[in-house]
Amino acid sequence: MTPHPDADASPTPAQLRRWRRYLADERAERAVYETLAQKRTGEERMILLGLAEAEQRHEQHWIELLGEEAARNTPPSPRRALLRFFAQHFGSVFVLALAQRAEGSSPYTADTDASRQMAADEMVHEEVVRALATAGRRRLSGNFRAAVFGANDGLVSNLALVMGIGATGVGSGLVLVSGIAGLLAGALSMAAGEYVSVRSQRELVTASQPTQVTLSAAPHLDLDHNELVLVYKARGMTQEAAEHRAAERMGYFACDCDPSRSFRPEAERPAEDDDDTMGSALGASASSFCFFASGALVPILPYLFGMTGVPALVVAVVLVGIALLCTGAVVGLLSGAPPLRRALRQLAIGWGAAAVTYVLGLLFGTTVV
């Protein structure tokens with residue numbers, strides 16, 4: 001590290017406090033990356049260890065500036081402490097999403113006590129962590145997407161149902177029965193819809209794969225009037241490549257010059273492909289059912305515990321609001337967006353839908369009992 005121009009001057013107490021906090025944060029971030037590296041293998045492990053090594057270089061910069069003051073025990077910032085705790089106890093995708101935001105909010109760009117190289121390092125680190133987090137988000141995108149949206153739909157739809165029915169002035173027993181019916185109907189609908197969606201998507205992909213018909217038809221085709229060339233051109237080959245591939249299939253060439261265009265024979269396919277397809281569809285369906293049901297259960301909890309009338313509706317609104325804030329924050333965190341903004345957006349949408357149905361209930365009913 002290049003010494004700071006004012007290294008010979010006595011640092012102020014404010015500088016010392018700031019440097020000690022920076023040092024504690026760098027140590028916490030290094031511990032995060034080392035902990036995550038222990039849970040990964042291959043290239044991802046090496047990348048995480050490289051990040052930890054970079055954080056250690058940053059530590060050394062603050063140690064040199066602090067001198068004997070570096071020995072004083074200073075806790076890291078709450079964000080870094082939370083990040084280290086999550087790294088030790090939770091999955092890497094959540095930690096990487098938090099680390100991405102931490103790296104993106106580095107104070108080094110505005111602090112002249114940090115070297116320009118350190119500020120540049122932090123900007124690059126954000127992109128490295130973003131790439132690692134993106135890979136984790138991609139792995140979660142299937143069943144996790146179904147789970148989050150299932151829970152959110154359950155919260156909003158059943159709260160709207162309970163608010164609308166409750167506003168008409170009917171008895172609390174009928175509100176409870178309506179909420180339970182909404183839970184079951186919505187959960188089953190979500191599960192069926194998710195299964196059909198995922199399975200249909202897989203079937204579309206399968207239908208788009210080439211078949212082996214060209215292998216059986218090739219011996220009987222005329223090379224001068226060869227529709228086989230059209231097959232390969234339709235798959236994206238150039239005229240020359242298509243003609244060469246057709247000649248290969250008809251036995252005029254022994255080489256397989258472009259294997260990427262070849263169809264994978266059934267014997268080469270993993271036997272578990274179909275099982276994985278079914279598993280993905282069933283997994284998404286089960287996630288949708290369970291999480292919709294868990295979300296839809298929240299608005300009827302006050303009625304299950306014997307509450308009635310306006311107090312039950314108020315408690316239902318509060319409970320759903322808390323749940324919407326949580327799901328919105330998680331979605332925001334994993335998408336790299338500000339969690340608070342996403343949480344408030346989820347809350348506004350959910351409460352807005354409930355307010356509309358409540359007003360409609362008032363129009364069609366009398367008073368809440």
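What a 1.4 Å probe finds exposed on the range 1-120 is 52% carbon and sulfur by accessible area, rounded to a whole percent. Using heavy atoms of the protein chains and a probe of 1.4 Å, the accessible area assigned to Cys326 is about 80 Å². With a 1.4 Å probe and all protein chains kept in place, how much accessible area does Leu313 have, in Å² rounded to the nearest 10? Counting only protein heavy atoms, the figure is 10 Å².
So, how do all the Cα-to-Cα distances of the range 18-109 break down into 10 Å bins, in percent, from 0 on up? Spelled out bin by bin, the range 18-109 gives 17, 50, 27, 5 percent.
The values are calculated or read from the model by the stated rules, or taken from the named source; none is laboratory data. All figures in this text were calculated on a predicted structure; none of them were measured in a lab. Accessible surface is based on the protein model in full, side chains and every heavy atom, while ligands, DNA and RNA are left aside. Shrake-Rupley method; radii C 1.70, N 1.55, O 1.52, S 1.80 Å.
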